[in-house]
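The values are calculated or read from the model by the stated rules, or taken from the named source; none is laboratory data. Bear in mind the structure is a predicted one, so any value in this text is a computation, not a measurement. Backbone-built Cβ (ideal geometry, glycine too); neighbour counts: all protein chains shown.
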Amino acid sequence: MSRKIFLILAATALPSLLLVTVGSGVAQAARMNPVVQPGSVTCANNWTGVIKFTPPLRTAGTATHEVFTVKASLGNTGNPCATTAGTIQLGAIGGKLKFNVPAPGGANSCGIVFGGGARVPVPASKFKMTWTAPAAPSVWKKLPLFSVVGTLGAPSTLAITGGKVVGSYAAPSPPLPPPSASLSGPAASWSSAAITAACGTTAGLASLPLSAPSTGTW
């Protein structure tokens, strides 16, 4: 009798084991082979986040290395991002731009960063976009090199161009213009006077909020 009970229990457990194994395999396959959507996404005036400067930007900065770290939400239910396919998207972006400047430095010089000249970060610089539907990443990376131009204004901007997007979304054929973004935020923080004043403090300018009128197309 005990042997029959054991066999029944074993037979009952086997389908459950298979269900767990198959379910895990499907989930893993979805992560390894995300859905790739054609076209591009534009997020205009609906950013919420921050850009950090390490080391902080200073009026007379002499650092030989500088990192811009970007982290932001893209779109919201009231103002989502739009795709060239006519659908809407919500998502997030995160990544880093790294700059090297030989001695005497100036990588964190406020006048150089926002001086209107193009700067090229190291090739390892890249961004990752994650969209809520489909839940698949897009990587915005070097190929060719990024170009970053900062200008003081009302408000000021940090414009990022170049690079190549792979994943969802990737540019359709014929290809669209290279991906780009114009980072900015509230005038209280991004005005030329506010940035100049912050760079002149002892602590320097360590971060800026990202919001309207930031925009990006990938």
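Remarks
- Check on C110, surrounded by 21 or more Cβ atoms within 10 Å (Cβ to Cβ), more than 16 Å from S147 (Cβ to Cβ), touching a helix residue (DSSP H, G or I) at 6+ places or on another chain (Cβ under 7 Å) and not polar (S, T, N, Q): yes
- Whichever residue in the stretch 24-74 is among the hydrophobic types (A, V, I, L, M, F, W, C) and over 26 Å from T157 (Cα atoms) and, among such residues, is modelled with the highest pLDDT: V36
- Boolean, A72 is under 26 Å from A194 (Cβ atoms) and in a loop (DSSP other than H, G, I, E, B): no
- Boolean, K141 is surrounded by 17 or more Cβ atoms within 10 Å (Cβ to Cβ) and among the charged types (D, E, K, R): yes
- Filter result for P80 (in contact with a Ser or Thr (Cβ under 9 Å, 6 or more places away or on another chain), surrounded by fewer than 22 Cβ atoms within 10 Å (Cβ to Cβ) and of a type outside the set (A, V, I, L, M)): no
- Residues located in the stretch 93-132, provided they are β-branched (V, I, T) and either part of a strand (DSSP E or B) or closer than 16 Å to K52 by Cβ (or both): I93, V113, T130
- Figure legend. Inter-residue proximity from the stretch 195-215: first residues not assigned by TED's automatic domain parsing to the domain that holds G94, second residues surrounded by 18 or more Cβ atoms within 10 Å (Cβ to Cβ) and assigned to a helix (DSSP H, G or I), beta-carbon distance below 7 Å, spacing 6+ or different chains. No pairs are indicated.
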